[in-house]
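Structure first, then comments.
The values are calculated or read from the model by the stated rules, or taken from the named source; none is laboratory data. Just so you know, these numbers come straight off a predicted model, no measurement behind them. Reconstructed Cβ throughout: ideal geometry from the backbone, glycine too, with neighbour counts over all protein chains shown. Heads up: the accessible areas ignore ligands, DNA and RNA and are worked out on the full protein's heavy atoms, side chains in. Shrake-Rupley method; radii C 1.70, N 1.55, O 1.52, S 1.80 Å.
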Amino acid sequence: QGQLVESGGGLVQAGDSLSLSCAASERTFNYWYMTWFRQVPGKEREFVAAFSWHESATFYASSVEGRFTISRDNAKNTVYLQMNSPRPEDTAIYYCAAKRGVGAYSSARVYDYWGQGTQVTVSS
């Protein structure tokens, strides 16, 4: 219950594109939010993008809006993060997270389930 597995990280050049996947062990609409966070050493985990089935809405950090897109495939119980025009400052470990309750979608502290993380490195 509540297992999340990320994939798709790696090394990419600035301006190229990269897609991350997060496969859930249960039906994704069991969660109110499925969200991507990222973290670099010495800093707190940072909100990137969230998807809510129940609200039919997506939410983005201002630093990625217009470049990243979060989407889902219900049949595969998978959420994706399409990273277009990545920048060196997007380099981080990217984590998928899921939350059953409504609200506070951008706060890492309130999430119920986490994946193991996948490293994304953007070279200049």
Qualifying residue in region 75-86 (condition: modelled with pLDDT of 90 or more, more than 14 Å from the chain's Cα centre (by Cα), within 17 Å of Q3 (Cβ to Cβ) and not in a loop (DSSP other than H, G, I, E, B)): yes
Search result, residues across region 61-81 that are open to solvent by 60 Å² or more (accessible area, probe 1.4 Å) and within 23 Å of K43 (Cα to Cα): S62, E65
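Here's the yes/no breakdown for (1) at pLDDT below 95; (2) not in a strand (DSSP E or B):
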{"residue": "R72", "(1), (2)": "yes, no"}
{"residue": "I93", "(1), (2)": "no, no"}
{"residue": "C96", "(1), (2)": "no, no"}
{"residue": "G103", "(1), (2)": "yes, yes"}
{"residue": "V120", "(1), (2)": "no, no"}
Strands (runs of 3 or more DSSP E) wholly inside region 1-62 containing at least 3 residues that are touching a Leu at 6+ places or on another chain (Cβ under 8 Å): 17-24
In region 3-48, residue farthest from the chain's Cα centre (by Cα) [restricted to those that are surrounded by 17 or more Cβ atoms within 10 Å (Cβ to Cβ), aliphatic (A, V, I, L, M) and farther than 13 Å from K99 by Cα]: V12
Residues of region 94-113 satisfying the condition of being touching a residue at least 40 places away in the same chain (Cβ under 8 Å), surrounded by fewer than 18 Cβ atoms within 10 Å (Cβ to Cβ) and either farther than 18 Å from F59 by Cβ or not hydrophobic (A, V, I, L, M, F, W, C) (or both): R100, G101, S106, S107, D112
Qualifying residue in region 16-27 (condition: farther than 21 Å from Q116 by Cα and modelled with pLDDT of 95 or more): yes
